[in-house]
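Undergrad: Can you keep this structure in mind? I'll have questions shortly.
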Amino acid sequence: MNTIAELIGPLYQKLLAICAKYDISLDLDIQDPSLSFDDLSQVKEFLQTQLKRALENCEPGDKITIIEQHNDKVVRFSVKDSGKTLSAEQQQALRDEEYEVRARYGYDNIVTVKFDIV
């Protein structure tokens, strides 16, 4: 079993250095870092692609947050950023990948993936 802390810890350390270089704030909002999964590869892929997207959207002074929330049945991972608002085309492309997307001019972008807890 792999825990969320084991997955996010190394990603966070790398990302922290990159964000510091570009003057972007980085936050974690993790409900339970000890939550474990058999296979975190899909979560890792989601985080890597969405954190890259968020970094590309952000400018100095913007903020990125990695979020994990869960209940008895579902765990949700989100990447929230205060960078440029995603275009309608970008939002649709993410929805086509079965991600939940919330983006509106003047508000944050939030891209979420959810997994059933077995």
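Undergrad: Please give the number of the condition residue 40 fails out of (1) within 25 Å of residue 116 (Cα to Cα); (2) modelled with pLDDT of 95 or more.
TA: (2)
Undergrad: Which ones in segment 58-69 are part of a strand (DSSP E or B) and surrounded by 19 or more Cβ atoms within 10 Å (Cβ to Cβ)?
TA: Filtering segment 58-69 for residues part of a strand (DSSP E or B) gives 63-69.
Answer for segment 58-69, where residues must be part of a strand (DSSP E or B) and surrounded by 19 or more Cβ atoms within 10 Å (Cβ to Cβ): 64, 66, 68.
Undergrad: Hey, could you check segment 70-84 for residues that are under 17 Å from residue 12 (Cα atoms) and either out of contact with any helix residue (DSSP H, G or I) (no Cβ under 8 Å at 6 or more places or on another chain) or of a type outside the set (Asp, Glu) (or both) and say which is surrounded by the fewest Cβ atoms within 10 Å (Cβ to Cβ)?
TA: Looking only at segment 70-84, we keep the residues that are under 17 Å from residue 12 (Cα atoms), and these are 77-81.
Filter once more, so that each one left must be either out of contact with any helix residue (DSSP H, G or I) (no Cβ under 8 Å at 6 or more places or on another chain) or of a type outside the set (Asp, Glu) (or both): 77-80.
Values: 77: 26, 78: 21, 79: 24, 80: 19.
If we take residues in segment 70-84 being under 17 Å from residue 12 (Cα atoms) and either out of contact with any helix residue (DSSP H, G or I) (no Cβ under 8 Å at 6 or more places or on another chain) or of a type outside the set (Asp, Glu) (or both), then 80 is surrounded by the fewest Cβ atoms within 10 Å (Cβ to Cβ).
Undergrad: Here's a follow-up. Among the residues of segment 41-66, which ones are closer than 18 Å to residue 98 by Cβ and not polar (S, T, N, Q)? Break it down into steps so the answer makes sense when it comes.
TA: Keep residues of segment 41-66 that are closer than 18 Å to residue 98 by Cβ, which gives 41-50, 53.
Matches in segment 41-66: 43, 44, 45, 46, 47, 53.
Undergrad: Restricting attention to segment 1-25, which residues are under 14 Å from the mean Cα position of the chain (by Cα) and either in a loop (DSSP other than H, G, I, E, B) or in contact (Cβ under 8 Å) with a residue 40 or more places away in the chain (or both)?
TA: 4, 7, 8, 11, 12, 15 - these are the residues of segment 1-25 that are under 14 Å from the mean Cα position of the chain (by Cα) and either in a loop (DSSP other than H, G, I, E, B) or in contact (Cβ under 8 Å) with a residue 40 or more places away in the chain (or both).
Undergrad: Can you go through 61, 83 and tell me which one is small (Gly, Ala, Ser) and within 13 Å of residue 111 (Cβ to Cβ)?
TA: Numbers: 61 fails: within 13 Å of residue 111 (Cβ to Cβ).
Selected residue: 83, the only one of 61, 83 that is small (Gly, Ala, Ser) and within 13 Å of residue 111 (Cβ to Cβ).
Undergrad: Which count do you get for residues in segment 94-112 that are closer than 18 Å to residue 55 by Cβ and touching a Leu at 6+ places or on another chain (Cβ under 9 Å)?
TA: 5
Undergrad: Keeping to segment 7-57, report how many residues are exposed (fewer than 14 other Cβ atoms within 10 Å of the Cβ), of a type in the set (D, E, K, R) and within 23 Å of residue 73 (Cα to Cα).
TA: The qualifying residues number 5.
Undergrad: A follow-up question, please. Scan segment 109-118 for residues that are at pLDDT 95 or above and either farther than 20 Å from residue 45 by Cβ or part of a loop (DSSP other than H, G, I, E, B) (or both) and report the count.
TA: 0
The values are calculated or read from the model by the stated rules, or taken from the named source; none is laboratory data. Predicted model, so just to flag it, every value in this text is computed and none were measured. Cβ sites come from the backbone with ideal geometry, for glycine too, and all protein chains shown count toward neighbours.
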